[in-house]
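Asker: Please find one structure pasted underneath; my questions will follow.
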Amino acid sequence: MRNFVLKFEENLAALFMGGLLFTLFLQVFTRYVLNDPLSWTEEVARYLYVYIVFLGASAAISDRTHVGIDYFAKMLPVVVQWLLSVAVNLLILGALGLLAYWGWRAAMRQWNMPMMVLDIPYTWVYVVVPITAVLMSVRTLALMREDYAAMRAGSQVATDARGGL
């Protein structure tokens, strides 16, 4: 259960990926085999992909797999590395705070606008933005805590990916 919580975004993205593959299979099957395509499959596939992208961004923060250049930072003393890491993470938290705020506003503004085919509010597409911004903020705070513990122990602040590919 602990591993599921630690990898929540990855697990949910994998579930959505299964749904996306099934939806795309249905679309191809009904279009080319039955010659009568389902109207909703393209819209569902598009928005499942949006969810997968945002959940993947959150998972990448957790695993430290976002692109970063740390060549010069690794040459600095441990305390300076930590201070640099804190500064960068505070900038990230600020950007995520803005993303959560404006994403929530955008989601709520779409409540009365239905999707073209599914006839549900666009809010359900936009709501992934503030939700994943909050998840990314929590993951960033957890990384800041790990970096602080590493600095206190005198070891280098982690910048490399944890899990591998």
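Asker: At 0.36 nm per residue, and after removing the present C-alpha to C-alpha distance, how many nm does the segment from ASN3 to ASN35 gain when stretched out fully?
Answerer: Computed gain between ASN3 and ASN35 is 7.1 nm.
Asker: Quick one: compute the contact order of the chain, relative version, from alpha carbon pairs under 8 angstrom and 6+ residues apart, as a percent. Can you show the working numbers first?
Answerer: Values: 168 pairs, mean separation 41.8, N = 165.
The normalised contact order for the chain reaches 25 percent.
Asker: In debye, nearest 20, what is the charge dipole magnitude of the chain about its Cα centre with +1 on Lys and Arg Cβ and -1 on Asp and Glu Cβ, if you could check? Kindly include the intermediate steps, with their values, before the conclusion.
Answerer: Details: 12 positive and 11 negative charges, 83 e Å.
Result for the chain is approximately 400 debye, rounded to the nearest 20.
Asker: Place the peptides 121-131, 54-64 in order of packing, highest mean first, counting for every residue the other Cβ atoms within 10 Å and averaging per peptide.
Answerer: Descending mean neighbour count gives 54-64, 121-131.
Asker: Run the quick spin-label model on VAL80 and GLU43: label points 7 Å from Cα toward the beta carbon, then report their separation in nm to one decimal.
Answerer: Inter-label distance under the simple model: 5.7 nm.
Asker: First select every other residue whose beta carbon is under 15 angstrom from the beta carbon of LEU55; then total the charges, Lys and Arg +1, Asp and Glu -1. Intermediate values should be presented prior to the final figure.
Answerer: On the way: positive: LYS7, ARG139; negative: GLU9, GLU10, ASP63.
It works out to a net charge of -1.
The numbers here are math on the coordinates, done by the rules we state, and not lab data. If you're wondering where the values come from, they're calculated on a predicted model, not measured in any experiment. When we count neighbours, we look across all protein chains shown, and the Cβ atoms used for this are built from the backbone with ideal geometry, even at glycine.
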